[in-house]
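Colleague: I have a structure here, written as structure tokens, and I will follow up with some questions on it.
The values are calculated or read from the model by the stated rules, or taken from the named source; none is laboratory data. The structure displayed is predicted, hence computed values, not measured ones. Note that we place each Cβ from the backbone using ideal geometry, even for glycine, and neighbour counts take in every protein chain shown.
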Amino acid sequence: MLAALTDPAFAGFLSATMRLAVPILLAALGGLYAERSGVLNIGLEGAMLTGAFVGFVTAYATGSIAVAVPAAIAAGGMFGIVLAFYAVTLGANQVVVGIAMNLVAVGVTSFFYRLVFGAGTDRPRIDTLLPPDFGPLADWPLIGPLLFRQDLLAFLALALVPLTWFVIARTRFGLDIRAVGEHPEAAETLGVNVARVRYASVAISSGLAGFGGATLSLAATGVFLDGMTAGRGYIALAILILGRRHPLGVLGAALLFGAADALQLRAQILPTGLPFQFLLMLPYVLTIVVLAGFAGRGGAPAALGVPFRRLKKD
């Protein structure tokens, strides 16, 4: 048993599971803020792509990932404010707005990438963020590959799990988020500014998604590619349902999807006889199964997706 746990192939699988889970974990944690406030942030995919692009360009221009990460978070936050204007202020259909924003993000990032770097075939690269050397800790069974072979962005993502729980469950801001998500009319009568709370929640939501996208270009690949998020924002929405919109549940669901992604990558090098396109479907098939099996049982707030109109004063 111990030999199996310390097998290099299995250790590599565990390390890849965490590495592939981090971007969708961050996006899902962001989605948790928006959904608990009553806003369905379908635009997580576009926010991730925006963060990946801005993070890459900033790192390329400054040579500093420490500058690139906040820039990516800020870009994602601005994306969320635009989305909130349509979804919260104008009361537009949140699904339609989110999909439209995703499509805009694809076009805008592709256009500005070519505007900045040209349309040549040679893609600029940056030095990716490498994991710190934890010495023998990296060889511990299970824990070593999962934790001590990851970069600093992965540790920051994991730290955001308990922080998100604390904010949602133990702070006044978190109480306001839950109140406007469950009963915005009652929250307003108690003096809560529903629009302000929802704007803040969507901005945080998209900012964390932008952070998740930045991990793809800054830590995973070192390049920016058109549509490089590849549906991870939509997977994050499924993770929210599977994790019942709780930070720990979201972490477990993200690791499950990360394991599915790592499995399909490793299966491609095995003589299975299956086309690699079939293996690429695994994470997305899992998303469909989750949505089919758990939709409607995810503990969604009562006012999720419902536009709010301020009560008229006599």
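Colleague: Check every one of the helices (runs of 4 or more DSSP H) wholly within region 1-77 and list those with 3 or more residues that are of a type outside the set (A, V, I, L, M, F, W, C).
Modeller: Ranges flagged: 8-36, 44-62.
Colleague: Just name the residue that is modelled with the lowest pLDDT out of those in region 288-306 that are surrounded by 15 or more Cβ atoms within 10 Å (Cβ to Cβ) and under 21 Å from the mean Cα position of the chain (by Cα).
Modeller: Once the filter is applied, the top-ranked residue is GLY298.
Colleague: Looking at region 220-233 only, could you name the residues that are farther than 19 Å from TYR113 by Cα and either buried (at least 22 other Cβ atoms within 10 Å of the Cβ) or of a type in the set (Asp, Glu) (or both)?
Modeller: Matches in region 220-233: ARG232, GLY233.
Colleague: Given region 224-292, what helices (runs of 4 or more DSSP H) lie entirely inside it while holding 1 or more residues that are closer than 21 Å to SER37 by Cα, aromatic (Phe, Trp, Tyr) and out of contact with any Lys or Arg (no Cβ under 8 Å at 6 or more places or on another chain)?
Modeller: Helices (runs of 4 or more DSSP H) meeting the threshold: 232-242.
Colleague: Pick from region 18-46 the residues that are under 21 Å from GLY222 (Cβ atoms) and either in contact with a Gly (Cβ under 6 Å, 6 or more places away or on another chain) or small (Gly, Ala, Ser) (or both): which of them is surrounded by the most Cβ atoms within 10 Å (Cβ to Cβ)? Walk me through how you get there before you give the answer.
Modeller: To start, the set of residues in region 18-46 that are under 21 Å from GLY222 (Cβ atoms) comprises 18-27.
Adding the requirement that they be either in contact with a Gly (Cβ under 6 Å, 6 or more places away or on another chain) or small (Gly, Ala, Ser) (or both) leaves 20-21, 23, 26-27.
On the way: LEU20: 24, ALA21: 28, PRO23: 31, LEU26: 32, ALA27: 37.
Result: ALA27.
Colleague: Is it true that some residue in region 157-171 is hydroxyl-bearing (Ser, Thr, Tyr) and assigned to a helix (DSSP H, G or I)?
Modeller: Within region 157-171, one or more residues are hydroxyl-bearing (Ser, Thr, Tyr) and assigned to a helix (DSSP H, G or I).
Here's the yes/no breakdown for (1) under 26 Å from PHE308 (Cβ atoms); (2) of a type in the set (Gly, Ala, Ser); (3) modelled with pLDDT of 95 or more:
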{"position": "ALA186", "(1), (2), (3)": "yes, yes, no"}
{"position": "VAL197", "(1), (2), (3)": "yes, no, yes"}
{"position": "PHE257", "(1), (2), (3)": "no, no, no"}
{"position": "LEU265", "(1), (2), (3)": "no, no, no"}
{"position": "LEU282", "(1), (2), (3)": "no, no, no"}
{"position": "VAL285", "(1), (2), (3)": "no, no, no"}
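Colleague: Looking only at region 144-166, which residues are without any contact (Cβ under 8 Å) to a residue 60 or more places away in the chain and more than 17 Å from the chain's Cα centre (by Cα)?
Modeller: PHE148, PHE166
Colleague: GLY107: part of a helix (DSSP H, G or I), free of Cβ contacts under 8 Å to residues at least 40 places away in the same chain and under 21 Å from the mean Cα position of the chain (by Cα), yes or no?
Modeller: On the way: part of a helix (DSSP H, G or I): yes; free of Cβ contacts under 8 Å to residues at least 40 places away in the same chain: yes; under 21 Å from the mean Cα position of the chain (by Cα): yes.
Judged against the criteria, GLY107 is a match.
Colleague: If you don't mind, another one. List the number of the failed condition for ARG309; all other conditions in (1) charged (D, E, K, R); (2) outside any helix (DSSP H, G or I); (3) crowded, with 16+ Cβ neighbours inside 10 Å hold.
Modeller: (3)
Colleague: Further question on the same structure: Could you please give the count of residues in region 73-113 that are of a type in the set (Phe, Trp, Tyr), more than 13 Å from LEU49 (Cα to Cα) and surrounded by 16 or more Cβ atoms within 10 Å (Cβ to Cβ)?
Modeller: Total satisfying the criteria: 1.
Colleague: Follow-up. What is the one condition in (1) exposed (fewer than 12 other Cβ atoms within 10 Å of the Cβ); (2) over 24 Å from the mean Cα position of the chain (by Cα); (3) part of a helix (DSSP H, G or I) that ASP122 does not satisfy?
Modeller: Among (1) exposed (fewer than 12 other Cβ atoms within 10 Å of the Cβ); (2) over 24 Å from the mean Cα position of the chain (by Cα); (3) part of a helix (DSSP H, G or I), the lone unmet condition for ASP122 is (3).
Colleague: Being within 19 Å of ALA159 (Cβ to Cβ) and not small (Gly, Ala, Ser), is that true of even one residue in region 53-67?
Modeller: Yes.
Condition check ((1) among the aliphatic types (A, V, I, L, M); (2) closer than 15 Å to GLY12 by Cβ) across all residues:
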| position | (1), (2) |
| --- | --- |
| ALA138 | yes, yes |
| LEU147 | yes, yes |
| ASP151 | no, no |
| ALA154 | yes, no |
| ALA157 | yes, no |
| PRO162 | no, no |
| GLY174 | no, no |
